[in-house]
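Working notes, structure below.
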Amino acid sequence: MPMAPPPDFETLTVADIARLAEGDRLPPVERWHPTHCGDSEMRIARDGTWFHQGSPIGRQAMVRAFSRILRREPDGGYVLVTPVEKLDIAVEDAPFVAVEMKVDGDARDATLAFRLNTGDFVTASAEHPLRFVEHEDGPHPYLHVRGGLEALVTRSLYYELAERALAGDDDTPGVWSAGAFFPLLP
């Protein structure tokens, strides 16, 4: 059965996004422990593009389907897992990219909702924290998605987050979402 395309982010409220994210039923990949079968010959590039045998996967529905069976292993590696097979997948940075953001409220009352490149929705919260990591080319913000999987927040969204953080009156620059505070500086 084909998956329905995700709803248009522009038309959703932050409350709509939270309901959709809460109602999304993912496969129980954390309960599947098949024997390792090899390499999937797949790679997720830093920009979120999925590749198979060196060619980009052009069908968004395929990317979304594969993303739902992605799991982070205790050793830090990534696998695609089903009840009967487990295949390695290379991930250059983070397996997801947060590409759009909606904000409801201000300061301590703010809620930040994100759309990922896979069409999934995540609201930053204590359960889905934002973290900022300093790299040679500047800070990289990440949003926890699930089970050790993160989304790299795009540079343009980082600038929006930084603007919010610097406009706030907290002692440490940071952003609030769903009652949780995320400092901009590591």
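Miscellaneous remarks
- Residue match in the range 44-51 (condition: open to solvent by 40 Å² or more (accessible area, probe 1.4 Å) and either over 30 Å from Ala165 (Cβ atoms) or touching a Phe, Trp or Tyr at 6+ places or on another chain (Cβ under 6 Å) (or both)): no
- Residue match in the range 162-169 (condition: touching a helix residue (DSSP H, G or I) at 6+ places or on another chain (Cβ under 7 Å) and either buried (at least 16 other Cβ atoms within 10 Å of the Cβ) or touching a residue at least 12 places away in the same chain (Cβ under 8 Å) (or both)): yes
- Scope the range 144-161; condition open to solvent by 40 Å² or more (accessible area, probe 1.4 Å) and part of a loop (DSSP other than H, G, I, E, B); matching residues: Gly147
- Filter result for Met62 (open to solvent by 60 Å² or more (accessible area, probe 1.4 Å), over 15 Å from Gly148 (Cβ atoms) and aliphatic (A, V, I, L, M)): yes
- Test: residue in the range 129-150 that is under 19 Å from Gly76 (Cα atoms) and small (Gly, Ala, Ser): yes
Listed here are the residues, each with its yes/no results for (1) assigned to a strand (DSSP E or B); (2) on the phi < 0 side of the Ramachandran plot; (3) open to solvent by less than 60 Å² (accessible area, probe 1.4 Å).
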{"position": "Thr118", "(1), (2), (3)": "no, yes, yes"}
{"position": "Phe132", "(1), (2), (3)": "yes, yes, yes"}
{"position": "Pro139", "(1), (2), (3)": "yes, yes, yes"}
{"position": "Tyr142", "(1), (2), (3)": "yes, yes, yes"}
{"position": "Thr172", "(1), (2), (3)": "no, yes, no"}
{"position": "Phe182", "(1), (2), (3)": "yes, yes, yes"}
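- Residue satisfying condition, being charged (D, E, K, R) and modelled with pLDDT of 95 or more, within set Glu85, Glu92: Glu92
The values are calculated or read from the model by the stated rules, or taken from the named source; none is laboratory data. These figures come from a predicted structure and were not determined experimentally. Heads up, the Cβs are rebuilt from the backbone with ideal geometry, glycines too, and the neighbour counts pull from every protein chain shown. In case anyone asks, the SASA skips ligands and DNA or RNA and just uses the protein heavy atoms, side chains included. Shrake-Rupley method; radii C 1.70, N 1.55, O 1.52, S 1.80 Å.
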